[in-house]
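Worksheet for the structure shown next.
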Amino acid sequence: GVISAGLAIYNINCVACHGDKGQGTVGPNITDEYWLHGGKVSSIFKTIKYGVPEKGMISWEKTLTPKQMSDLSNYIISLKGTNPANGKDPQGDKEVSEAHQREIIHLQEYSQLLPADTFICRTFCED
């Protein structure tokens, strides 16, 4: 399937910088909620395709097919929350899930309908 195909590509091309479990070595930890270039599948695909030359990550556009980059992106998404041992400290911005983002937007829209003196308090994210 897609995940096993992505794993095979990862093991050949990504382990040297991101570690065998995505924990990060030279490159960042790709198992946590923090992303330097976005943690949505489209952002991950773009990072793989174009690389981050200023940080030492090559572009894989000429090495991998679009299908391989897609499989790899989906494999990386599957690593989120696996918390491997010796994971590198978080880097970048915390990625808000799409469902969480929709909830935030819904509450913002809902709060527009309430009287100005109404206070809505809701905890969205952990500290």
Margin query: What does the net charge come to around C14 if you take all other residues with beta carbon closer than 13 Å to its beta carbon, with K and R at +1 and D and E at -1?
Written below: -1
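Using 0.36 nm per residue of separation minus the Cα-Cα distance, give me the extension gain between I77 and A8 in nm, one decimal.
Numbers: separation 69, 0.36 × 69 = 24.84 nm, distance 1.47 nm.
The I77-A8 span can extend by a further 23.4 nm.
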Margin query: For a quick check: with amide H placed at 1.01 Å from N, whose amide H comes under 5 Å from M57's, ignoring anything fewer than 5 positions away on the same chain?
Written below: V52
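Under the rule a/c < 1.5 gives rounded, and otherwise a/b versus b/c splits prolate from oblate, where does segment 27-85 land using the Cα gyration tensor?
Details: a/c = 2.02, a/b = 1.36, b/c = 1.48.
Oblate.
What does the net charge come to around G27 if you take all other residues with beta carbon closer than 12 Å to its beta carbon, with K and R at +1 and D and E at -1?
On the way: positive: K55, K88; negative: none.
Within the 12 Å Cβ shell, the charges total +2.
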Notebook entry, point to check: Any idea which of M69, N13, L36 is furthest toward the positive side of the dipole for segment 1-83, if Lys and Arg beta-carbons carry +1 and Asp and Glu beta-carbons -1?
Noted result: M69
Check: How large is ³J(HN,Hα), in whole Hz, for each residue of segment 60-76 in order, when computed from phi with the Karplus curve 6.51 cos²θ - 1.76 cosθ + 1.60 and θ = phi - 60°, using x for Gly and Pro?
Finding: 9, 4, 8, 9, 10, 6, x, 4, 5, 5, 5, 4, 5, 4, 5, 4, 4
Checklist line | Filtered GluC sites (Glu not before Pro), segment 8-99: DSSP coil and at most 13 other beta carbons within 10 Å | finding: E61
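Since every read-out is calculated from the coordinates, none of them should be taken as a lab result. Just so it is clear, the model here is predicted, and its values are computed rather than measured. Neighbour counts are summed over all protein chains in view; Cβ atoms, including those assigned to glycine, are modelled from backbone coordinates with ideal geometry.
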